[in-house]
1. Being facing chain B (nearest Cβ under 10 Å) and closer than 17 Å to residue A:393 by Cβ is the filter here, so list the residues in segment A:171-193 that pass it.
2. Say whether the condition of being over 27 Å from the mean Cα position of the chain (by Cα) and modelled with pLDDT under 95 is met by at least one residue in segment B:72-81.
3. Need the failing condition index for residue A:407 against (1) buried (at least 22 other Cβ atoms within 10 Å of the Cβ); (2) more than 14 Å from chain B (Cβ to nearest Cβ); (3) without any contact (Cβ under 8 Å) to a residue 60 or more places away in the chain, just the number.
4. Residue A:274 - would you say it is exposed (fewer than 15 other Cβ atoms within 10 Å of the Cβ), within 24 Å of the chain's Cα centre (by Cα) and assigned by TED's automatic domain parsing to the domain that holds residue A:372?
5. Restricting segment B:197-210 to residues that are at the interface with another protein chain (Cβ under 8 Å from one of its Cβ atoms), surrounded by 23 or more Cβ atoms within 10 Å (Cβ to Cβ) and outside any loop (DSSP other than H, G, I, E, B), which is nearest to the chain's Cα centre (by Cα)?
6. Report whether or not residue B:329 is in contact (Cβ under 8 Å) with a residue 12 or more places away in the chain, touching a strand residue (DSSP E or B) at 6+ places or on another chain (Cβ under 6 Å) and at positive phi.
7. Which one is nearest to residue B:358 (Cα to Cα) among residues in segment B:233-250 that are assigned to a loop (DSSP other than H, G, I, E, B) and facing another protein chain (nearest Cβ under 8 Å)?
8. Given the options B:90, B:54, B:30, name the one that is closer than 22 Å to residue B:138 by Cα, away from every other protein chain (no Cβ under 14 Å), crowded, with 20+ Cβ neighbours inside 10 Å and within 36 Å of the chain's Cα centre (by Cα).
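The values are calculated or read from the model by the stated rules, or taken from the named source; none is laboratory data. Note that the structure is predicted; figures quoted are calculated from it, not measured. A quick note on method: Cβ atoms are made from the backbone with ideal geometry, for glycine too, and the neighbour counts reach across all protein chains shown.
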């Protein structure tokens, strides 16, 4: 009887281990894809690509490589030695090469080039292959690090992870930007946010989080919008102020920068990322931020109740110039611009106990305190012409008692794009969905 | 200028810390929901519910509690002392009570009862409140632990997390069980699995994983099916055999049981879970497993190419009785029952290099090796009457070279249900979607 015991014997050494120098002078076998091949007359340089970097292999018997091309999967046997001119400072003197698989044709794009310089549309169409390029690959390693830091931070703060449905019977954010689908003959929607569900779960677990896709059928095509994106959501009970939510986000960002510095250094360096200081993040009230930016940059305020993208950029610029921070919490958004579940400020109900986080002048987070009392929630819905009876299962939690609570949603792609200095959020989404793009 | 510095000062002590006994004899304030209230004539027992358990509080001044009911959010100040009859062995002598919020009406279900004994439909309709009950809550803490173990295991094995689109232009699994939606006037689908995308990412990261929703428009209503579920997917390159994938899954299960034993002990105990031994998992070939179960239980084989649910149960029973394992890998599924990307066994192409994991007689995982060579993949598609030109972006990776690779998908809800001994997978999904249920 065959059994599987969970013992994972690596036949080969990892590329990371070889580059770290551990195996210097010993014969090892390393697997990877051939990222680049250069014949220098008698000597062939093979750049082997592994999951976390590349290893330079040099062969003095070109015959061994006669049969291979870039993007062959191979196992290289050889002896690593120090070589300051090689990436990572280690080179492998190749002795043998085993071919594991080969491509069927030429690559659609020369991925071993330092910069691909493709136009956005071509790049996105070729993404399945473009992502093998080192720069592009590093973007999504940074993204994976941000996710890890988010979960690790929340886990350390006793948050419980939840998985809530994406096919829903009603939208949380209202408005027309919602995808519809046929659900066995009934009308259904794709969730714009896990808002209702994460609030429901606060009654059970006090603190919850979810990292999952959300869907917005927005009909405008900008460098800031995606029609499907990954939302990092949290919701927490027993808050005494919405500033506690901002404190949790700040803690997450601190942990994220530490994690990237420690465990993703090669990617940070490859992308030329300057990890921002997040030891403290300044806060400006919505009206105050608008005025400061308008005065400094001479741009009149057109709508006192909304922030235009250019105003966000100016607030970001103001905070950078005056306070030396790339982040700013803008607080107390106008009630009419926030959803029906936002708690109004008792001191001035035209505004809400809410915030956005701007990162280099772009909103990457929206959050705030929610209404927890049934009567107050029903009244706010009625005042907006909504029908509380359509939200029976949501209001069940308010009726059954809810602690004061609030939360936030972070757009993972925007956060990644801002951090990596990418000018279009599509660059920070593996396979973006926009008005015209549904493939790959 | 106000700033937020990420320092999270707890005004109160966590319930977990009080129950652990750390604060014995000192005056503390603990926040939570009032789970139960019992007036014993002069003495009132208040069960306070926190995120990870309950704390018994006793008040000898009933007047303090005159105004409160179950599911009020409160902050209780008092002195903890040992009391063997209290849950967790610690009781708090209550001195003060601050009311933070109150419910607007009676609860739709008495959640402090040990067993709710609701019928499934009522329970699911009342889920937003039912999940406050301790047993129901524990199920999803176990589920969160399984997710954590999955990610931690894969992270330790150098897997990279990816986020792939759920709105897609073609289904990965084929067939009719796919949800359609209108995407700005174009036909689109909800992803049945991240299959194509995780394979694409193997070319970039070698090893990838994703935990995300998948959607299946299956029109049958059983205790095993959900129309939306959470799939824990992984895909890895440079495998020499599909047994390496089974070894990774076994390692995950080992880590999961360890994590649940160490960090989720209260939930494991509350649900009466016997954590299975996963030190090694037996493997049976598909045809062998069918025959053994048919012979032992006298049930004739009706379809040699498929496993009926009853056959899966019998195989599970056979393995338990004969080999003492609740898990079994069934390998080498017939080619005609596996998708077009499954690699056929070179030794007998009627079968594939694939497996399912059965847990107590139910499939919880499907996995296997994939075709990595372009020509072989195109030929298999053509042999099935498919049109390779419709899969251009997928086949781009085969054309551009792919290492030998394979992976698996684990149904998180099924795994949770099997582990917790739940007879319907809906019990292991926070807000299940089925033929008739779209709400809450």
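1. If the condition is that a residue be facing chain B (nearest Cβ under 10 Å) and closer than 17 Å to residue A:393 by Cβ, then A:183, A:186, A:187, A:188, A:189, A:191 are the ones that fit.
2. First pass over segment B:72-81, keeping only residues over 27 Å from the mean Cα position of the chain (by Cα): B:72-81.
After this cut, where a residue has to be modelled with pLDDT under 95 as well, the list is none.
Scanning segment B:72-81 turns up no residue that is over 27 Å from the mean Cα position of the chain (by Cα) and modelled with pLDDT under 95.
3. Evaluating residue A:407 over (1) buried (at least 22 other Cβ atoms within 10 Å of the Cβ); (2) more than 14 Å from chain B (Cβ to nearest Cβ); (3) without any contact (Cβ under 8 Å) to a residue 60 or more places away in the chain leaves (3) as the failure.
4. Details: exposed (fewer than 15 other Cβ atoms within 10 Å of the Cβ): yes; within 24 Å of the chain's Cα centre (by Cα): yes; assigned by TED's automatic domain parsing to the domain that holds residue A:372: yes.
Against the criterion (exposed (fewer than 15 other Cβ atoms within 10 Å of the Cβ), within 24 Å of the chain's Cα centre (by Cα) and assigned by TED's automatic domain parsing to the domain that holds residue A:372), residue A:274 qualifies.
5. Applying the filter and picking the extreme gives B:197.
6. no
7. Here the residue is B:240.
8. B:90
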